[in-house]
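Before any comments, here is the structure.
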Amino acid sequence: MYHIDIIGMRRKRNLKIVIAIIIISIILVLCSVGYIIHNRKVAMVSSTNIVVEDRYNIIEEEQKNTHENIEANDKKEQNKEFINQINNIYNGKDGKRVFLTFDDGPSETVTTKILDILDKYDIKATFFVLGGNVKSYPEIIKREYSSGHYVANHGYTHKYNKIYKNSNTILEEYNKTEKAIQDALGNPEYSSNLFRFPGGSYGGPYEKVKKKAKKELNKQGIAYLDWNALTYDAEGADTKEEIMSNLKETMNGWNNVVILMHDAPDKKITYETLEDVIKYLKKNGYAFKNMYDLM
């Protein structure tokens, strides 16, 4: 008879179980280590991607800021040059030149007829518009602009006690009118950068306020312009003969002339005499210019 070693068999079985447990434990540990390593690699790749993306965004933002700064500096230089050209408008050395300027419009009854005459002679003028009127006649502003005329700023109300309350109110009226022009043109980027003080930039009871405002305008890249000849169409001249006589007298034979006229709704005499004005200037050898020619 065979003697069965039951105890030995149990020991062998237990040993196999222990070995199996050890092997399984080792496999589990190795799997855990592999998982951790994999996750770390994924995390490192993700982290690297984030860093790369962050660096790209930073570079892109820096490039954008640089581009914007260059554009802003270019615009400042252009504005400085424009101010300089306006300040020296009466010192041109290129022969006779004349700038036709019209204040207080636009108006349906007068401005449109002035535009028709300017179109007829292919002359480009400068219109110093009132913001309140711009709101009423945006289509006329569009026509002025699309025809190559320069749309400049004459404030919003033309009420002296309001606009000249202080230098800030002048700037407020300027900005309000600029916004009205932008809305009329459908162009939020439009800037006239040119202001004409109602009543002129010198003299009168508001001299101190105007003087301070002129400095503030220039600081913001905005030029201002008066005139050196006029027809007195806003001071009571109501015949063609008076208009022409006033014009000839105030021009004084100068080679560089900025003529003040008006296109408010009651200035019928202005468009009625405009062709005579143009013919006189042509006959005397003047070249017609507007503010775009100074840019």
Among N87, N73, N153, which is the only one that is at pLDDT 95 or above and surrounded by fewer than 16 Cβ atoms within 10 Å (Cβ to Cβ)? N87
Out of (1) over 24 Å from I278 (Cβ atoms); (2) at pLDDT below 95, the odd one out for D94 is which? (1)
Criterion violated by D266 - all others in (1) more than 21 Å from D116 (Cβ to Cβ); (2) acidic (D, E); (3) out of contact with any helix residue (DSSP H, G or I) (no Cβ under 7 Å at 6 or more places or on another chain) satisfied: (1)
Just the residues that are surrounded by fewer than 19 Cβ atoms within 10 Å (Cβ to Cβ) and free of Cβ contacts under 8 Å to residues at least 40 places away in the same chain, please, taken from the range 267-281. E272, D276, K279, Y280
Can you tell me which residues in the range 158-188 are assigned to a loop (DSSP other than H, G, I, E, B) and either surrounded by 23 or more Cβ atoms within 10 Å (Cβ to Cβ) or not small (G, A, S) (or both)? H158, K159, Y164, K165, N166, N187, P188
Within the range 222-238, is even one residue in a helix (DSSP H, G or I) and either more than 16 Å from P106 (Cβ to Cβ) or touching a residue at least 40 places away in the same chain (Cβ under 8 Å) (or both)? no
Does any residue of the range 192-200 turn out to be more than 30 Å from N73 (Cβ to Cβ), loosely packed, with under 15 Cβ neighbours inside 10 Å and assigned by TED's automatic domain parsing to the domain that holds G105? yes
Residues of the range 94-135 being of a type in the set (S, T, Y) and either closer than 15 Å to L260 by Cα or surrounded by 16 or more Cβ atoms within 10 Å (Cβ to Cβ) (or both), in sequence order, are T101, S107, T111, T112, T126
Suppose we keep only residues that are touching a residue at least 24 places away in the same chain (Cβ under 8 Å) and assigned to a helix (DSSP H, G or I) within the range 239-256. Which one would you say is nearest to S201 (Cα to Cα)? L247
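The values are calculated or read from the model by the stated rules, or taken from the named source; none is laboratory data. Because the structure is predicted, anything quoted here is derived from the model rather than measured. Glycine gets a Cβ as well: all are built from the backbone with ideal geometry, and neighbour counts include every protein chain shown.
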